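Visitor: Structure incoming, see below.
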Amino acid sequence: MSFETIIGLEIHAELNTKSKLFCSCPAEFGAKPNENTCPICLGIPGTMPVLNEKAVILAVKTGLILNCEIAAESRMDRKNYFYPDIPKAYQITQYDMPICRGGYVDIETPEVSRRIRLNRIHLEEDAGKLIHLENSGVSLIDYNRAGVPLIEIVTEPDLRSAGEAVAFLKALKSMLEYGGISDCHMEQGSLRCDANISLRRTGQNILNTKVELKNLNSFKELQKALEHEEERQKVLYIHGEESRIVQETRRWDGEKGETVPMRSKEDARDYRYFPERDLGPVIINDALIREIRETLPEMPMTRKKRFRDLYGLRDKEIDIIVGDKALSEYFEALTACGTNPRAGANWILGSMMKLLKEKGLKTGQIPVPPEELHKLIKIIAEGRISITAGQEVFSEMFNTGRNAGDIVNEKGLSQISNRSELKRIITDVLNDNPQSLSDYAAGKKQAAVFLMGRIMKASKGKANPQLAREILEERLKQEISSK
Amino acid sequence: MSIHEMTAFEIRKGIVKRQFSARDVVTAFFDRIYEKEPLVDGFLTLCREEALTKAEQIDRKIQRGEQLGKLGGIPIAVKDNICTDGIRTTCASRMLHDFIPPYDATVVKRLKEADAVIIGKTNMDEFAMGSSTENSAFKNTKNPWDREIVPGGSSGGSAAVVSAGMAALALGSDTGGSIRQPAAFCGVVGLKPTYGLVSRFGLIAFGSSLDQIGPLAKNIKDSALALEAIQGKDKYDSTSVRHSITKDYMSTIESSVKGMKIGVPVEFFDSGLDEEIAFSIKGCIKKLKEIGAFVEDISLPITEEGLSAYYIISSAEASSNLGRFDGLRYGYRTKDYSSLDQLVERSRSEGFGEEVKRRIMLGTFALSSGYYDAYYSTAQKLRARIKEQFIKVFENYDILLSPVSPVLPFKIGEKVANPLEMYLSDIYTVNINLAGLPAISMPCGISNTGLPIGLQIIGPHFGEEKLFKAAYALEQELKPTAMHPML
Ligand SMILES: [Zn+2]
């Protein structure tokens with residue numbers, strides 16, 4: 001029996017606005033608990049929401065980037081439920097009149113290129129956060145996040161594998177980053193993903209009971225959770241126990257590597273959606289859409305093509321560099337200084353990525369300005385220091401913020417490019433290694449490699465390798481002919 | 001004339017002319033309150049210290065020769081569902097018995113900017129749900145005209161204290177008649193402005209699409225004065241008017257009603273209406289004709305469907321608005337719970353009164369899946385139709401006349417056992433809220449039993465100017481200043 005997997009995603013992204021959706025509190029992450037709150041976002045009786053226009057503009061921008069139809073008039077609704085993380089006992093969201101409908105994202109995996117359709121995008125407020133103190137029965141509430149603007153992006157059930165789901169989320173994330181829509185920090189929860197998954201026999205054209213998966217906080221967890229749930233459902237089908245697949249929400253437990261039931265359809269809440277009468281309709285006219293369209297930045301797909309054509313980068317390099325908005329901007333700033341694109345890509349994908357990972361920094365937090373890296377690359381290209389020394393200098397620049405010239409001077413890393421000095425070192429090395437010399441004369445060519453190593457060591461790595469090799473070869477020729 | 005008998009206008013004038021100080025005014029009103037409040041029970045909180053401090057500020061302003069605000073030195077009472085920074089705001093509910101707002105409602109801010117003196121917070125039906133103020137969790141307010149009679153509701157406290165001379169002005173809120181009906185019952189002037197003319201920010205919401213704050217006053221001019229001070233755009237209320245209205249009603253209030261076209265909807269005078277009320281209103285119609293207005297009967301067949309639409313919509317909105325009272329962050333919390341669900345359930349069961357719970361359940365039901373279309377959606381459609389009908393009528397008429405209440409003020413306890421009968425007393429007022437129109441309730445006669453009778457004048461959207469003009473002209477004819485309770 002072969003099966004087809006049907007996956008749809010619901011993605012929540014926190015919008016990059018300075019203030020919250022309905023009040024002027026900062027929307028930033030990382031403040032002290034309940035520091036970013038006011039009577040409005042705390043739902044103090046009598047207070048009323050006022051819609052943040054910046055958030056509306058970002059939602060429209062998202063819609064334009066994702067090829068959606070923008071609603072000329074949409075409406076905010078109330079979703080009613082009791083839970084301490086929503087201080088008003090309702091979330092202000094959009095129900096049947098969302099701000100964007102339709103749209104799509106094109107994805108590429110090693111197997112397929114495919115267009116994934118979107119169902120809708122709507123605007124809503126985030127909830128606060130509950131912190132349960134272990135073994136004390138006490139829970140604390142932090143309302144800093146309450147009222148932070150979110151968009152929810154809902155796909156059609158167009159994805160056919162965990163790999164496609166990950167490819168979609170990566171493509172979407174990069175588009176949202178490019179558009180300046182959201183920070184998309186999955187680990188901080190500014191980008192969150194839920195997945196709906198069901199199976200069907202290959203060739204069928206029906207939608208079977210789907211299961212909703214929650215707590216998918218990284219690409220890796222999304223991949224693993226979907227693969228796991230796919231397998232779980234497949235086993236049930238194979239054993240004729242598909243009746244045990246019920247419409248429910250399952251939580252992915254990353255540590256145990258399995259999904260566990262959270263709630264079934266029977267205990268689904270009745271949210272009693274109805275229009276939010278404290279806010280008027282959200283009206284978006286064509287002029288505003290035009291205005292927003294004019295501010296749309298270059299999207300990853302276009303940038304990929306440009307990087308291929310303009311800089312001659314390889315697909316794999318492009319995927320990584322353009323896949324990350326900050327990296328691609330860094331790369332362009334670097335080449336704008338005059339760095340050769342190939343060298344630039346090598347530096348970014350090599351030493352830079354390694355150091356970012358070591359320091360746990362994001363690509364937006366590179367401590368070495370592009371013009372400083374350019375200077376370093378120039379020093380190396382001019383042969384003033386070796387590549388090995390260059391890497392050492394870069395790591396020093398990365399850690400201390402000092403510039404390349406100072407570090408090179410202070411550490412005495414400048415290469416020895418002085419012929420007479422190099423000749424003296426090489427003479428010493430040859431005198432100390434007569435055996436290698438005779439090996440070479442006897443035709444063992446790798447003796448030269450050994451001697452080069454000795455020369456580098458004797459010069460403490462500062463010998464200009466090209467020049468040193470030239471002199472060594474001259475000397476070896478002389479030695480052989482003189483024998 | 002003692003100070004407490006003066007109108008708001010007269011008080012401000014007296015202070016400006018230095019006939020008496022603002023402090024004298026506050027003292028006079030508190031003397032009156034100490035004497036009469038035990039008989040009326042109109043207040044839930046008194047703010048004597050704050051009032052005296054404010055009065056001293058005003059007196060200093062006068063001494064320095066500074067300009068006094070529109071409501072300079074006028075003692076005003078505020079309904080207890082309007083938030084006052086640092087002053088307890090209870091909604092007459094056990095749920096909020098100790099709630100002290102951390103901010104001022106926009107209208108309160110505007111009162112303060114206009115140099116009004118807030119003297120206290122008034123009793124009401126719990127969360128403004130009721131028509132007799134008997135749903136207060138704390139006490140029954142008595143009608144100053146007869147202490148066995150209700151003051152109406154839900155702004156019963158505000159109407160009673162103005163009527164009893166314990167405040168020169170008061171603010172109330174009107175979701176389905178809650179300013180106009182108590183004004184009629186207590187023989188004062190109550191205005192429900194056009195939806196959006198006065199900011200709702202800081203009004204603890206009952207039905208967000210219907211609620212509107214408005215003044216209760218001794219006469220029409222005082223009412224217009226108070227509206228001038230509180231009206232206009234507020235950036236904290238997205239449903240408030242977009243344009244900044246700075247209408248000055250005084251310049252037109254005394255102009256003639258000659259040629260004014262007045263419609264009288266016959267459906268508002270059907271068999272359910274008390275005969276004495278009908279008689280009084282007919283008297284008013286006659287007077288208006290005498291002074292040159294053009295009055296004729298019209299048909300507006302909306303009263304009964306309006307009432308059901310109103311109860312569904314207001315309860316639906318209330319069920320959501322009152323969700324936040326869960327005992328977690330503020331307000332009443334049950335003593336006895338062992339889980340979060342139990343805490344919320346018991347706090348709400350114990351903190352809310354019967355009428356509030358009845359409406360929350362009604363509203364929850366009307367919004368629940370499977371019933372939404374039959375109730376909430378249908379009610380919204382009715383509402384749209386009612387609004388359309390009014391707008392059409394106002395193409396041909398300047399204002400409409402109707403009764404405020406179908407019944408005369410009733411006895412305390414008379415209708416508590418029968419909520420449906422109580423709901424029926426809103427039949428002539430709720431449609432105005434559904435349509436978002438302005439309407440004013442003014443005294444127009446006295447019954448054989450010695451109780452006030454009210455007349456309702458309804459205007460087109462933002463037609464307050466017309467209301468005041470017609471009401472003032474009629475007031476001059478009726479001389480209702482002679483009408484005040486023998487307390
Ligand atoms: Zn806030």
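The values are calculated or read from the model by the stated rules, or taken from the named source; none is laboratory data. The structure displayed is predicted, hence computed values, not measured ones. Backbone-built Cβ (ideal geometry, glycine too); neighbour counts: all protein chains shown. Please note that ligands, DNA and RNA were not included when accessible areas were found on the heavy atoms of the full protein model with its side chains. Shrake-Rupley method; radii C 1.70, N 1.55, O 1.52, S 1.80 Å.
Visitor: Looking at the protein assembly as shown, I'd like the Rg to Rh ratio, where Rg is from alpha-carbon atoms and Rh is Kirkwood's inverse mean 1/r.
Guide: Computed over Cα atoms, the ratio is 1.16.
Visitor: Counting protein heavy atoms only and a 1.4 angstrom probe, how many square angstrom of accessible surface do chains B and A bury in total, to the nearest 100?
Guide: About 2600 Å² of accessible surface is lost on pairing.
Visitor: So which GluC sites (Glu not before Pro) in region A:253-291 end up in coil per DSSP with only 14 or fewer other C-beta atoms within 10 Å?
Guide: A:Glu255
Visitor: Next question. If ligands, DNA and RNA are left out, what is the accessible area of B:Asp31 with a 1.4 Å probe, given in Å² to the nearest 10?
Guide: Accessible area of B:Asp31: about 90 Å².
Visitor: Here's another thing I want to ask about it. For the protein assembly as shown, with every protein chain kept in place, what is the accessible area per residue (1.4 Å probe, Å²)? Can you show the working numbers first?
Guide: On the way: 40690 Å² over 970 residues.
That works out to 42 Å² per residue.
Visitor: If each residue of separation counts as 0.36 nm, what is the full-extension length gain between A:His132 and A:Gln478 once their alpha-carbon separation is subtracted?
Guide: Full extension from A:His132 to A:Gln478 adds 116.5 nm.
Visitor: Could you give each residue of region B:419-425 its phi-based ³J(HN,Hα) in whole Hz, using Karplus coefficients 6.51, -1.76, 1.60 with θ = phi - 60°, and x for Gly or Pro?
Guide: So the Karplus estimates, Gly and Pro as x, are x, 4, 5, 5, 4, 4, 6 Hz.
Visitor: Note down the relative contact order for region B:305-377 as a percent, whole number, built from C-alpha pairs under 8 angstrom at least six residues apart.
Guide: The normalised contact order for region B:305-377 reaches 40 percent.
Visitor: Say R0 is 51 Å: what FRET efficiency, to the nearest 0.05, do A:Met353 and B:Asp373 get from their beta-carbon distance?
Guide: So the FRET efficiency works out to roughly 0.35.
Visitor: Going from most exposed to least, what order do B:Trp145, A:Trp252 have by accessible area with a 1.4 Å probe?
Guide: B:Trp145, A:Trp252
Visitor: Under 15 Å from a point 7 Å along the Cα-to-Cβ line of B:Arg358: which residues of region B:114-147 have their amide N that close?
Guide: B:125-137
Visitor: I need the GluC sites (Glu not before Pro) found in region A:115-154, filtered to DSSP loop residues with at most 16 other beta carbons within 10 Å of theirs. It would help to have the intermediate numbers written out before the result.
Guide: Numbers: sites: A:Glu124, A:Glu125, A:Glu134, A:Glu152; in loops: A:Glu134.
Counting only loop positions with at most 16 other Cβ atoms within 10 Å, the GluC sites (Glu not before Pro) in region A:115-154 are A:Glu134.
Visitor: Also, I was wondering about something else. Counting pairs of alpha carbon atoms under 8 Å apart in space and at least six apart in sequence, what relative contact order in percent does chain B give?
Guide: On the way: 1165 pairs, mean separation 83.7, N = 487.
17 percent.
Visitor: Distance in nm between label sites at A:Ala448 and B:Ser256, each 7 Å beyond Cα in the beta-carbon direction?
Guide: Spacing of the two 7 Å Cα→Cβ label points: 12.1 nm.
Visitor: In nm, to one decimal, how far is the modelled label at A:Thr109 from the one at A:Gln247, with both set 7 Å along Cα→Cβ?
Guide: Simple spin-label model gives 2.7 nm for this pair.
Visitor: Separate question: Please compute, for the alpha-carbon atoms of chain A, the extent along each of the three principal axes and give them in descending order in Å.
Guide: Extents along the principal axes, in whole Å: 99, 56, 54.
Visitor: If you don't mind, another one. Using only the heavy atoms of the protein chains and a 1.4 Å probe, how would B:Arg18, A:Arg78, A:Arg277, B:Arg383 rank by accessible area, largest first?
Guide: Ranking B:Arg18, A:Arg78, A:Arg277, B:Arg383 by accessible area, largest first, yields B:Arg18, A:Arg277, B:Arg383, A:Arg78.
Visitor: Could you give the size of the charge dipole of region A:419-481 about its Cα centre, using +1 on the Cβ of each K and R and -1 on the Cβ of each D and E, expressed in debye and rounded to the nearest 20?
Guide: 200
Visitor: I've got another one for you. Along the Cα-to-Cβ line of B:Ser338, 7 Å from the Cα, sits a label point; which residues in region A:126-156 have backbone N less than 18 Å from it?
Guide: It comes to A:136-138, nothing else.
Visitor: Additional query: To the nearest 0.05, how large is the calculated FRET efficiency for A:Glu227 and A:Ala326 if R₀ is 41 Å and r is the Cβ-Cβ distance? Present the calculation step by step, with values, prior to reporting the outcome.
Guide: Details: r = 30 Å, r/R0 = 0.73.
Efficiency, from the Cβ-Cβ distance: 0.85.
Visitor: For region B:305-377, how big is the tail of P(r) above 22 Å, as a whole percent of Cα pairs?
Guide: More than 22 Å apart: 31 percent of the Cα pairs in region B:305-377.
Visitor: Looking at region A:300-411, what % of the alpha carbon pairs are farther apart than 23 Å?
Guide: 25
Visitor: To continue, here is another question. Could you tell me the calculated FRET efficiency between A:Arg469 and A:Glu298, based on Cβ-Cβ distance and R0 = 45 angstrom, to the nearest 0.05?
Guide: Calculated transfer efficiency: 0.50.
Visitor: Any idea what the alpha-carbon Rg over 2.2 N^0.38 Å comes to for region A:419-481?
Guide: Taking the Cα Rg and dividing by 2.2 N^0.38 Å, one obtains 0.99.
Visitor: What is the distance in Å between the Cα centroid of region A:157-224 and that of region B:23-88?
Guide: 61
Visitor: I want to verify the translational diffusion coefficient of chain B in µm²/s; compute it with Stokes-Einstein, Rh as the Kirkwood radius over Cα pairs, at 37 °C and 0.692 mPa s.
Guide: Working: Rh = 22.2 Å.
In µm²/s, the coefficient rounds to 148.
Visitor: Separate question: Roughly to the nearest percent, how much of the accessible area of region B:305-377 is carbon and sulfur, given a 1.4 Å probe?
Guide: The C+S portion of the solvent-accessible surface of region B:305-377 is 52 percent.
Visitor: Ok, one more. Would you tell me the accessible area of B:Met260, worked out with a 1.4 angstrom probe on the heavy atoms of the protein chains, in Å² to the nearest 10?
Guide: The accessible area of B:Met260 comes to roughly 10 Å².
Visitor: Additional query: Tell me the carbon and sulfur percent of the accessible area for region A:300-411, rounded to whole percent, probe radius 1.4 Å. Don't jump to the answer; show the numbers that get you there.
Guide: Numbers: 2880 of 5710 Å².
Carbon with sulfur: 50 percent of the solvent-accessible area.
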